[in-house]
Amino acid sequence: MDDVAVIERVKRVIAQGIEEGWTREKGIDRLTAELIAAGGEPLDCYHSELLWQTGTTTAYMQRRVQQMADPDTVLALPFWRYCTMQDQCVRPNHAALEGFVARYDDPVWNRILPPLGFNCRCTVEPLLFSEAEERLGGKINTPGEQRLPVGAGPDEGFDPTPWAFLRNVESAPEYDEYPEEDEEDEG
């Protein structure tokens, strides 16, 4: 999906779906119709869901970042913390970032702001200076890039620049949404 006009159409459909509270099914149907109207081929079910999920996550994070970067907000909450779902579905390179803290304006966020892969469920939350100081101690002024855990970052081949994923959604790897959980002994 390299056509800029098609990408813009997809972004508009996703924004409309969020605004109007569409279900996932309705969003996927509308995206499919938009791709066909633009002269493209419809995506298979998996890639259609992937486009909707990653698109809505991207739009959500962009809006959240706008809110958290508001000048009044950063006066009270000048640090951000990376948060995962902390379950068995979190990929190791995302899990390595759980609890990572940096100033809101640290350039490291250009590299690690979610989503960091297709179907990523990670987010970022704002912190008070005192909360950041408690987590970072004497490293509060150390740039985030120097504190990044080994192996942390976006999935291989995934560009975390907002909306860049649209260029390669058709070739995205398939992930199990939720691995089967081990059944607990009832004895």
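Are any residues in the stretch 125-138 assigned to a helix (DSSP H, G or I) and over 12 Å from residue 106 (Cβ atoms), and if so, which ones?
Residues satisfying the conditions are 129, 130, 131, 133, 134, 135, 137, 138.
Answer yes if at least one residue in the stretch 77-100 is acidic (Asp, Glu) and under 15 Å from residue 112 (Cα atoms), and no otherwise.
So far as the stretch 77-100 goes, yes, one or more of its residues are acidic (Asp, Glu) and under 15 Å from residue 112 (Cα atoms).
Read through the list (1) touching a Cys at 6+ places or on another chain (Cβ under 8 Å); (2) modelled with pLDDT under 95, then give the number of the only condition that residue 109 fails.
(1)
Residue 88 - would you say it is under 17 Å from the mean Cα position of the chain (by Cα), at pLDDT 90 or above and either under 30 Å from residue 149 (Cβ atoms) or crowded, with 18+ Cβ neighbours inside 10 Å (or both)?
Against the criterion (under 17 Å from the mean Cα position of the chain (by Cα), at pLDDT 90 or above and either under 30 Å from residue 149 (Cβ atoms) or crowded, with 18+ Cβ neighbours inside 10 Å (or both)), residue 88 does not qualify.
Looking at the structure I just gave you, is residue 161 surrounded by fewer than 20 Cβ atoms within 10 Å (Cβ to Cβ) and at pLDDT 95 or above?
Judged against the criteria, residue 161 is not a match.
Condition check: surrounded by fewer than 15 Cβ atoms within 10 Å (Cβ to Cβ) and of a type in the set (Ser, Thr, Tyr). Does residue 73 satisfy that?
In short, yes.
Just checking, does the stretch 40-56 include any residue being aliphatic (A, V, I, L, M), touching a Ser or Thr at 6+ places or on another chain (Cβ under 8 Å) and under 21 Å from residue 115 (Cβ atoms)?
Among the residues of the stretch 40-56, at least one is aliphatic (A, V, I, L, M), touching a Ser or Thr at 6+ places or on another chain (Cβ under 8 Å) and under 21 Å from residue 115 (Cβ atoms), which makes the answer yes.
Being in contact with an Asp or Glu (Cβ under 7 Å, 6 or more places away or on another chain) and free of Cβ contacts under 8 Å to residues at least 24 places away in the same chain is the filter here; which residues of the stretch 1-29 pass it?
Of everything in the stretch 1-29, just one residue is in contact with an Asp or Glu (Cβ under 7 Å, 6 or more places away or on another chain) and free of Cβ contacts under 8 Å to residues at least 24 places away in the same chain, namely 13.
Name every residue in the stretch 48-63 that is within 22 Å of residue 155 (Cα to Cα) and surrounded by fewer than 17 Cβ atoms within 10 Å (Cβ to Cβ), in order of residue number.
Scanning the stretch 48-63 gives 60, 62.
What about residue 129, is it farther than 27 Å from residue 167 by Cβ and surrounded by 18 or more Cβ atoms within 10 Å (Cβ to Cβ)?
no
Evaluate the following for residue 10: is it among the aliphatic types (A, V, I, L, M), loosely packed, with under 14 Cβ neighbours inside 10 Å and either in contact with a His (Cβ under 7 Å, 6 or more places away or on another chain) or more than 30 Å from residue 99 (Cβ to Cβ) (or both)?
Spelling it out, it is not the case that residue 10 is among the aliphatic types (A, V, I, L, M), loosely packed, with under 14 Cβ neighbours inside 10 Å and either in contact with a His (Cβ under 7 Å, 6 or more places away or on another chain) or more than 30 Å from residue 99 (Cβ to Cβ) (or both).
Looking at (1) surrounded by 15 or more Cβ atoms within 10 Å (Cβ to Cβ); (2) in contact with an Asp or Glu (Cβ under 7 Å, 6 or more places away or on another chain), which is the only condition residue 32 fails?
(2)
Go through the stretch 134-156 residue by residue and tally those that are surrounded by 12 or more Cβ atoms within 10 Å (Cβ to Cβ) and under 21 Å from residue 115 (Cα atoms).
Of the residues in that region, 9 qualify.
Could you go through the stretch 43-56 and let me know if any residue there is under 20 Å from residue 8 (Cα atoms) and in contact with a Phe, Trp or Tyr (Cβ under 6 Å, 6 or more places away or on another chain).
Yes, the stretch 43-56 contains at least one residue that is under 20 Å from residue 8 (Cα atoms) and in contact with a Phe, Trp or Tyr (Cβ under 6 Å, 6 or more places away or on another chain).
The values are calculated or read from the model by the stated rules, or taken from the named source; none is laboratory data. As the structure is a prediction and not an experimental result, all values here were calculated from the model. In this analysis, Cβ positions are derived from the backbone assuming ideal geometry, glycine residues included, and neighbour counts consider all displayed protein chains.
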